[in-house]
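Enquirer: Please see the structure below; I have some questions.
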Amino acid sequence: QVQLVEFGGGLVQPGGSLRLSCAASGRGLEHYTIGWFRQAPGKEREGISCINNYDGKIYYADSVKGRFTISRNNAKNTTILQMDSLKPEDTAVYYCAANVECTAKPIYWTNPDISWGQGTQVTVSS
């Protein structure tokens, strides 16, 4: 199994940037396809980006495409979500996850075998 912890959430103004990191322990991160998800109050959890472990292929939800960038460093057991041009509607709890099903359609990313981080709050407000 792998344990995940997110870092880097906080309060930023619209148009600002945040860099979220997710550190893995236990089984190495190199064994997993990694995803980032978010959940705002009253809304369903949505996949926003993922990166495959076997070919490095990356997908983004339309809502964040062009603004967010996912990356991973298997040697450091870390995955990064760089968030730029943040909008108020980006306000949510952000989660990293291991063992996602990373395809072009975010609605298919989750499954019962996912290992979730605890989440980190991102608030975008003036």
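Enquirer: Relative contact order (percent) for region 1-100, with alpha-carbon contacts under 8 angstrom and 6 or more residues of separation?
Expert: 36
Enquirer: For a Förster distance of 22 Å, can you work out the FRET efficiency between the beta-carbons of A23 and I58, rounded to the nearest 0.05?
Expert: Working: r = 20 Å, r/R0 = 0.90.
Approximately 0.65, to the nearest 0.05.
Enquirer: Sticking with this structure for a sec: With the cut-off at 1.5 for a/c, could you classify region 1-40 from its C-alpha gyration tensor as rounded, prolate or oblate? Could you put the intermediate results ahead of the total?
Expert: Details: a/c = 2.91, a/b = 2.50, b/c = 1.17.
Prolate is the answer for region 1-40, as a/c is 1.5 or above and a/b outweighs b/c.
Enquirer: Using alpha carbon centroids, what distance separates region 13-70 and region 73-126, in Å?
Expert: Here the two parts' Cα centres lie 3 Å apart.
Enquirer: Ignoring everything but the protein chains, give the 1.4 Å probe accessible area of D62 in square angstrom, nearest 10.
Expert: Here the accessible area works out near 130 Å².
Enquirer: Please list Y59, Y32, Y54 from largest to smallest accessible area, probe radius 1.4 Å, with all protein chains kept in place.
Expert: In descending accessible area the options line up as Y54, Y59, Y32.
Enquirer: Accessible area, 1.4 Å probe, largest first: how do R45, R27, R38 sort?
Expert: The ranking, largest first, comes out as R27, R45, R38.
Enquirer: With +1 assigned to the C-beta of every Lys and Arg and -1 to the C-beta of every Asp and Glu, and no other charges, what is the dipole magnitude of the chain about the Cα centre in debye, to the nearest 20?
Expert: 160
Enquirer: Given the whole protein assembly as supplied and a 1.4 Å probe, what does the accessible area of R72 come to in Å², nearest 10?
Expert: 50
Enquirer: Here's another thing I want to ask about it. State to the nearest 20 debye the size of the charge dipole of region 36-86 about its Cα centre, where the only charges are +1 on K and R beta carbons and -1 on D and E beta carbons.
Expert: Here the size comes out at about 100 debye.
Enquirer: So, one more: GNM on the chain, C-alpha springs below 10 Å: top fluctuator among G56, G42, G28?
Expert: G42
Enquirer: Provide the per-residue ³J(HN,Hα) series for region 27-43, in order, calculated from phi with Karplus coefficients 6.51, -1.76, 1.60 and θ = phi - 60°, each as a whole number of Hz, with x at glycine and proline positions.
Expert: With the stated coefficients, region 27-43 comes to 4, x, 5, 5, 7, 10, 7, 10, x, 10, 10, 8, 9, 9, x, x, 10 Hz.
The values are calculated or read from the model by the stated rules, or taken from the named source; none is laboratory data. These numbers come from a predicted model, not from an experiment. Positions of Cβ are backbone-derived with ideal geometry, glycine not excepted, and every protein chain shown enters the neighbour counts. To get the accessible areas, we keep the full protein, side chains included, count just its heavy atoms, and leave off ligands, DNA and RNA. Shrake-Rupley method; radii C 1.70, N 1.55, O 1.52, S 1.80 Å.
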